[in-house]
1. Take the alpha-carbon centre of the stretch B:391-461, take the same for the stretch B:195-226, and report the distance between them in whole Å.
2. Return the Cα extents of the stretch B:88-236 along principal axes one, two and three, sorted largest first, each rounded to a whole Å.
3. Can you tell me the Rg and the Dmax, both Å, for the Cα atoms in chain B?
4. Determine how many Å³ per residue the convex hull of the Cα atoms of the stretch B:546-642 encloses.
5. List the residues of the stretch B:377-405 that lose 50 Å² or more of accessible area once all protein chains are present, compared with their chain alone (1.4 Å probe, heavy atoms only, no ligands or nucleic acids).
6. First measure r as the distance between the Cβ atoms of B:Asp63 and A:Val192, then evaluate 1/(1 + (r/R0)^6) with R0 = 51 Å and state the FRET efficiency to the nearest 0.05.
7. So for chain A, taking the charge dipole from beta-carbon charges (+1 Lys/Arg, -1 Asp/Glu), which of A:Gly282, A:Val174, A:Leu102 sits furthest toward the positive end?
8. Rounded to the nearest whole Å³, what is the per residue volume of the convex hull around the Cα atoms of the stretch B:586-646?
Amino acid sequence: MTLKPPASRGFWAEAWRRYRKRKLALVALGYVALMGLVALFSPAIAGTKPIVCKYKGSLYFPALGYFNPRWENPIFRTDRFRGVYPANLKQKDPESWAIFPLLYQDPYRRVREGEWPNQPENPTRDEGQPSRANLFGTNRAGVDVFAQMVHGTRTALLVGFVSMGIAAVIGIIVGACAGYFGGWVDMLLSRVIEVVMCIPALVLILALIAILERPTIWHMMAVLGATSWTGIARLTRGEFIRLRNADFVTAARAIGVGRAGVMFRHIFRNALAPVLVPITFGIAAAILTESALSFLGFGAPPPNPSWGALLNDGRTNQQMWWLIVFPGVAIFLTVLAYNLIGEGLQEATDPRLKQSS
Amino acid sequence: MTSLRFVFLPLCGLALLGCGAPTAPPQEKPAAKEAPQADARGSNEEPAAASEPKSAEPFVLGDLAPKFDPPTLAELEAKVKWVDSPVVDTLALLRKQKEKEPAKVSVEEALKLENDSPEANEKILSALSVLAPEDGQGVNYDATISRALSMDIGKTNPLRSSSISEAEILGLTSFGVFSFDWEMNPLASSDSVVSWQTSEDHMYDKVVLRDDLTWSDGKPITAHDVEFSYRVIMSSKVPIEAMRTGTDELLAVKAYDDHTLVYFHKNPFATNVWNLNFAVIPKHKYEQTIAADPTLVESEEHAALELKPVTGGAYEIARWRRGQEIVLTRRESAYMHNGKQVRDKPYFKEIRFRILEDESTSLLALKSGQIEESVLGAEQWQTQTTGTDFYNQNTKIMGPEWTYFHIGWNMDPKACPFFTDKRVRQALAYAMNYDEMVNDLCFGLFPQSQGIWHPDSWMFPKNPAPMFTYDLDKAEDLLDEAGWVDSDGDGVRDKEINGEVVPFEFTIIVGNKPDRVAICNLFRESLESIGINCQISPMEAAVLMQRMFNKEFQANMAGWGTGTDPDLSKNVYRTGESRNYGSYSNPEVDRLYAEGQKEFDRAKRAEIYGQIHNLIYEDQPSLYLYNRSSFYGFNKKLRGYRLSPRGPFHFGPGFSAIWAPVQ
């Protein structure tokens, strides 16, 4: 009878096992997942455009217009709907039906009297305290804060993921080359990293905004990505230096695996865990930067909803606390969640902590 | 005894209140533009000034002045019949006016009132506009007043002034001959002038200066300083293009002796009087050095003068800490001459300007007593100045102001194809939700603008065109009629222009202020619902100004303050003028401006300018949004302020009527 040794868990399974033990990190992960869902389904949560409707014999999905205005079917424009669906649908085609979002509120405009049965018009000026119709209140122009926050989630998550995606690609490639090749390549790339570290991203973004004809959120993400990859590159470089002479790498080389194969198939997989940590922290930092820029009025151009822009709205009048508290809490929680995840990852993937857990 | 009040140097000009802070380089001359809201107090550098070419040609003083050989004084006296023009002590004038306006309540009662209704506002204004007694009894001459500037000054040479902040400071420190009262009637200040006569044919103005005027370095101020300043302004090497507008309408300025000055005009126009007014610099300080440094601020000597300027006004600059504060002190030689008091003593010993760029910061400073007057925003007026934290130390006043905000269209077909058609511009005017703008975004405090003149002004037409209202059906019909239809079915209107399908998509540039962005956003919402894509691009004041000046925009949201004479607005609406950023052109309007300039009778002028008003409103070169009002908070220790269509300070007597009683 042979005794089969229990299969040892893989590295990621082990890491996940240890990550699960950290309650806070787990909650944070759940929170980020929830935010992702909110971002993805934002037009179905709060909006004034039907998710799906049947009008004059065809099916339409006008709510997609929240993702890209061009996806909103032009027929509603030509039929002079003027953005108000409920009454116009019934009036122009009595046969029509529509499924509306959970909450009839728009992130771009004020909901006015009589648009939606039993819902009063949104209050304006400083009178928009949170109420049943406006969960988080309204801003001065009468635009619902909750709807703006739901749609602003898209901006926040997008900024984090896209800018860090760019940073990760640049950082990993630069770091991998520097660490793997060593010598003058390392020397050169390390100096490049040091130079880039000196560039203040915020100032660069402000300069860019002044120059560009139409600055968008994508420009900001590109600049953030192009300036925040240095930490990732340094860590990758360190990991590559550590691993390039490991036995499994020598073995791989011995059987004739190419350079790229060695670097990205063999070394990178083993170096990934520590690199994930600065990426997670970077996402948190990018979200903070976007909010800070929007707060200063240099963020995504209006009317794009963004948490920081809401804070900016509330800046001049502290009596409208709901413009500060809700977005402030959202920013705080999201940044906290990413930091907790990063910390959790760090500890779950650090082999030195293995014994203790 | 007359009183020395500061005279606004160049006083005419419209203010561009565009962007947050800026007022534009004044159109006729700098300085005059006044813009009361916090935003309008700042300024920015004049874009044009920097672009003066530096060539190797030698400096020639007055090379731009027309070639003209003035006759001798005797020849002139022989052929000209003089008529007296007003030489006025504006404080005395205001004192007379105040006799006709009895206070509705006592000062003590007024200070207890909360300004929550038009009646309360009237009571407060009537009581607190009380002037100091003529003999100065009860005036605290040792008082210091702390004020706010929304932006630091860049230069102290009055000829190089280009911003509202500089105008504010120079108004207090500079010597001037002419001024105007709160109804914007032109006058010569009796502080500076013995007599002012205009020839019957309106071709000459003769001024006799007083002989007890001194610069802050003790040298006398003479007619030669005025002539010299004119020649400096008219020198091509001196980079002050905007300052030349108006002054270049003069044929010559001639000093016949130390006190007698004659201004020669090119044409007998009603607007000649506004050309007389330009900043004066001390000849003895600049005569020798100007050839080496025509910028007036760069060379070593000039830089020293920038820091410690030789001034001719009631106050002089004592300290200037860049970005923080500017302190002015009362100048004894301004009201004393040879040991005798010859003019009223200015009421404050010291004026402290703190540079506070943010509106909320200045409100906090006002509430805590760190500054003693401040403009208030509409929202601040309505929501943040109603509690005891404000009324403990302050009170507030409001009044109409002849300032309008608009969205200007770029009508140059080469730059932007959308707005060349009048029907399109009218359609856009129908697409603005005026009610919501006025009642919700402007807190019900600003009325919808009826066009380029304020309804209270004398030139406003008796039969104004009906105002545009919010009517999207009309807007869509007009756009269809103009050929902007959605031909490719993408939800956005388009039109074939030169074989190319152009979608109706444009960008509005606007100052980075939440209230203005909100108004643009309201407009955008309506436009989007009728198939026009509109982007909003908020930007810094300086960038906005530059873009407008270079005509690099499709639409801009900004404001114009009032000039002293309706003729000044021709700079904005006449074909090819320097402030005509949108390239508007209507031959009939051009003709009427020319006619209005020649007319001397005010009633007839009012009719002409009324016609201009209606023509422009019909053409809609801009979408007229709202008229701003003045809102000011004043510390309870201050008295003597009143509001003009240009706010509480920028007229005669303006600031010099404000005083603090002995506690």
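The values are calculated or read from the model by the stated rules, or taken from the named source; none is laboratory data. What you see is a predicted model; the values in this text were computed from it and never measured. Glycine also receives a Cβ, built like all others from the backbone with ideal geometry; neighbour counts cover every protein chain displayed. Note: areas computed on protein heavy atoms with side chains; ligands, DNA, RNA excluded. Shrake-Rupley method; radii C 1.70, N 1.55, O 1.52, S 1.80 Å.
1. 41 Å
2. 55, 42, 30
3. Looking at chain B, its Cα Rg and Dmax stand at 25.0, 84 Å.
4. Residue-normalised Cα hull volume stands at 146 Å³.
5. B:Glu379, B:Thr383, B:Gln384
6. 0.40
7. The residue sitting farthest along the positive end of the dipole is A:Val174.
8. Considering the Cα atoms of the stretch B:586-646, their hull volume per residue is 119 Å³.
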